[in-house]
Structures are given as C-alpha cells and as structure tokens.
1. The conditions are (1) farther than 24 Å from B:Pro52 by Cβ; (2) modelled with pLDDT of 95 or more, and A:Ala163 fails exactly one of them. Which is it?
2. So which strands (runs of 3 or more DSSP E) stay within the stretch A:46-149 end to end and still have 3 or more residues that are under 23 Å from A:Ser29 (Cβ atoms)?
3. Inspect all residues belonging to the stretch A:81-95 and state whether any of them is among the charged types (D, E, K, R), at pLDDT 95 or above and closer than 16 Å to A:His171 by Cα.
4. Can you tell me which residues in the stretch B:125-163 are surrounded by fewer than 23 Cβ atoms within 10 Å (Cβ to Cβ) and either within 14 Å of another protein chain (Cβ to nearest Cβ) or of a type in the set (Phe, Trp, Tyr) (or both)?
5. If I filter the stretch A:22-39 down to residues being surrounded by 19 or more Cβ atoms within 10 Å (Cβ to Cβ) and under 23 Å from A:Glu135 (Cβ atoms), which single residue comes out as nearest to the other protein chains (Cβ to nearest Cβ)?
6. Select from the stretch B:164-188 the residues that are farther than 26 Å from A:Cys122 by Cα, charged (D, E, K, R) and either surrounded by 14 or more Cβ atoms within 10 Å (Cβ to Cβ) or within 14 Å of chain A (Cβ to nearest Cβ) (or both) and list them in ascending order.
7. Any residue at all in the stretch B:34-44 that's free of Cβ contacts under 8 Å to residues at least 12 places away in the same chain and under 30 Å from A:Gly119 (Cα atoms)?
8. Tell me which residues, restricted to the stretch A:105-128, are in contact with a Leu (Cβ under 9 Å, 6 or more places away or on another chain) and among the aliphatic types (A, V, I, L, M).
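The values are calculated or read from the model by the stated rules, or taken from the named source; none is laboratory data. Only a predicted model underlies this, so the values are computations on that prediction, with no experimental measurement involved. Cβ atoms come from the backbone with ideal geometry, glycine included; neighbour counts cover every protein chain shown.
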There are 2 protein chains.
Amino acid sequence: MKKTVANIQSILIADLPETFVTRRIPEVSLEFGGIRGDRHFGLTSKADSRQPMYPRGTEILNRRQITMVSEEELGQIAKELGIEQVLPEWLGANLLVKGFMELTKLTLGSRILFPNGAGLICMGENMPCTLPGEEIQKHYADHEKLATRFVKAGYKRRGIVCAVERPGIIHELDEVQILINDYTNPMQ
Amino acid sequence: MKKTVANIQSILIADLPETFVTRRIPEVSLEFGGIRGDRHFGLTSKADSRQPMYPRGTEILNRRQITMVSEEELGQIAKELGIEQVLPEWLGANLLVKGFMELTKLTLGSRILFPNGAGLICMGENMPCTLPGEEIQKHYADHEKLATRFVKAGYKRRGIVCAVERPGIIHELDEVQILINDYTNPMQ
C-alpha cells in the first residue's frame, strides 16, 4: 500500500431538482449513503445503463454516492477541448481534489481519509457520458461539438466514484490522505 | 469484461453466538447487508484489524457481508496441510462454489449473479487469520501446527468477501454467472 496526500479544493452538492450540476459549499457532513440532499444520496440507488446486468430501475447497492474529480485532470480535459477551463460543477462532481496525479486511475478499494476522521472508499472510475459535455457546451457557445468531444477528452480523466466508509464532517481545503490499494497485496 | 459460470455447492450461515463456524442451509434470502441472522450481517460493521486506518470498533461500511470459498482452493489448502479435507464451515464461509478456478484472484467490482436475480459484488480477497486454522486443528488432532500452517496454506486461496448488490433468494446448486471486472476497462 502506498500513501500520498492531496487537498480538497472544493466541496459541491447537486441539490437542485432540475439539474445534475453541483454548487459549492464550504463544508458538509458525510453520512453513510453520501451527502444528504444530493441527488446521488442513498445506501441504495436505481440501476441504470452503467449496470446492464440488472434490469433498469432495480434497487441496488449505491457505490456512486460521491464523485470526485481533480484539478489536474480537468485541466487536461480543457486543454484537449481547447477551452479555458472545465469546472467541477459542470460534471456534477462532489469533490475537487488538487495535488494527486491520475486520480482516475486510483484503484478500487483505495481510501481517502479526512482530518476529522471521515473516510471514502474508491469504487472505481466514473464513466464519461454526454451530459457534462452538453453543460460545457453551454459555456462555450463559440466552440463546436464539445458535448461529443467531451466523451473522448474525459476518457480516463473523468474522476472516480466513492462510497462513504466512515461518516464525518469535511471542509474545503482539508488535506486528505490517500491510501492506494495494491491489487497484488490488497487491503480490506 | 469476461464471463464465466460456476455452481454454488453450499450455502452456510454463522448464526450460533459462540462460534464463527457456519452450518449448511438449503436456501436463503440475501438482503442488503447480507444474510439476516449471520454474524456478519449489516450495512455497517465495526472496524477491526483489517481496517487499521480507522480506530478499532468504529462503525464503517460493511464490505464483508458474505464470504465465499471454492471447492478447488479448499482442496489445495487440504493438500498443502496434508489432511483429507477442509470444510467451508471451518472457515466460516457463507458460500462454497465449484468450477471457478482461482476464486481468490477475482477482481474487486466483479459480479456474481444468481438465477433468481440476486447479485453479489466482489469486495476483494479475504485475508487469512489463525481462527480457521484452529478449527481445522480440532478435527485433525494427529497433525501438528495446523493453526499457524493454515495462514500460509490459505494465502491467495482463502476466498473473497462480497457485498449484496441486489437482494433475492438463492439456492444450493444454483448456477451463477461471474462477470469478471477488468481494471483496464472497468465496470461500474
């Protein structure tokens, strides 16, 4: 197991019924199930196109409680799209981290530990879809085909999905420890 | 993603307060949290020596709801220990599978799907400890040091831990589909 540290630049919540876009909040209490009031909150969720092994709409365990992106990878996406910036809000992300390269490659079972004791467990890569690209397109009307180009630009840069392993309050600018799960010698 | 099939030889429950040893039952209803009445049932559990990043006893997400071993790997353990057999009961396993080689190497995020619709998600390798070895020793009093030798013999053969992703009734002799998660192109 390798350890590293990084910083939480922003905490965000998707609590507006009409959109997946998130908005920044300075702190939040992580509960089992995620962030109360967020559209992905819950110990269970409905199966969608990401879980084709179950009928759509089936109640399944929710591993997509919290989504996390990195400033570095968003910068790479923006560069590839030829635009100034890609904000975490537009991807519906809940956490923006800085200082951890290749967040999207973080292995399943890795931990993200907060100073107050809260812990997230990485449940894998977040699969790109076209919705964030459509949101990005709204902000750059003078650019073409950003919605479809986002899927490719976001490949392996789209961040991760996490479940809350241990509840607790987290704050903007928290320094987090990242414990990287090593498959050849895995953690539980 | 690769697919394969295997058979559930036995379903077992640890419902006796004085021991982790399991006993066979012909069928069971898998719920979110595992098998009701089993000592590992629950959406949350207490952190133990397997989660050294949290204070012991802290309430955390339970990824060890169901433990699974394979007939083939138990056979290898028995052979290495020089004994006739190692029963899943002695390891406190909940499911005994047959026909899937190298169960212990099954990747995190892989699915085990039952005919009735229930689904498990693999949460990683089960780490060997000495308790099952002590149980094995009781059954082979004429053999020496089985408790400590079990740890080595069980290395990478000790099976996996799972969480219930979708509830449902499962039966002895069910044929299960195994969807193997591929880290280079992971599923959600």
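1. For A:Ala163, the failing item is (1).
2. Numbers: elements: A:59-61, A:66-70, A:95-98, A:111-113, A:119-125.
Qualifying strands (runs of 3 or more DSSP E): A:66-70, A:95-98, A:111-113, A:119-125.
3. No, the stretch A:81-95 contains no residue that is among the charged types (D, E, K, R), at pLDDT 95 or above and closer than 16 Å to A:His171 by Cα.
4. Of everything in the stretch B:125-163, those that are surrounded by fewer than 23 Cβ atoms within 10 Å (Cβ to Cβ) and either within 14 Å of another protein chain (Cβ to nearest Cβ) or of a type in the set (Phe, Trp, Tyr) (or both) turn out to be B:Met127, B:Pro128, B:Cys129, B:Tyr140, B:Tyr155, B:Lys156, B:Ala163.
5. This residue is A:Gly34.
6. Matches in the stretch B:164-188: B:Glu172, B:Asp174.
7. Looking for residues that are free of Cβ contacts under 8 Å to residues at least 12 places away in the same chain and under 30 Å from A:Gly119 (Cα atoms), one finds at least one in the stretch B:34-44, hence yes.
8. If the condition is that a residue be in contact with a Leu (Cβ under 9 Å, 6 or more places away or on another chain) and among the aliphatic types (A, V, I, L, M), then A:Leu108, A:Ile112, A:Leu113, A:Ala118, A:Leu120, A:Ile121, A:Met123 are the ones that fit.
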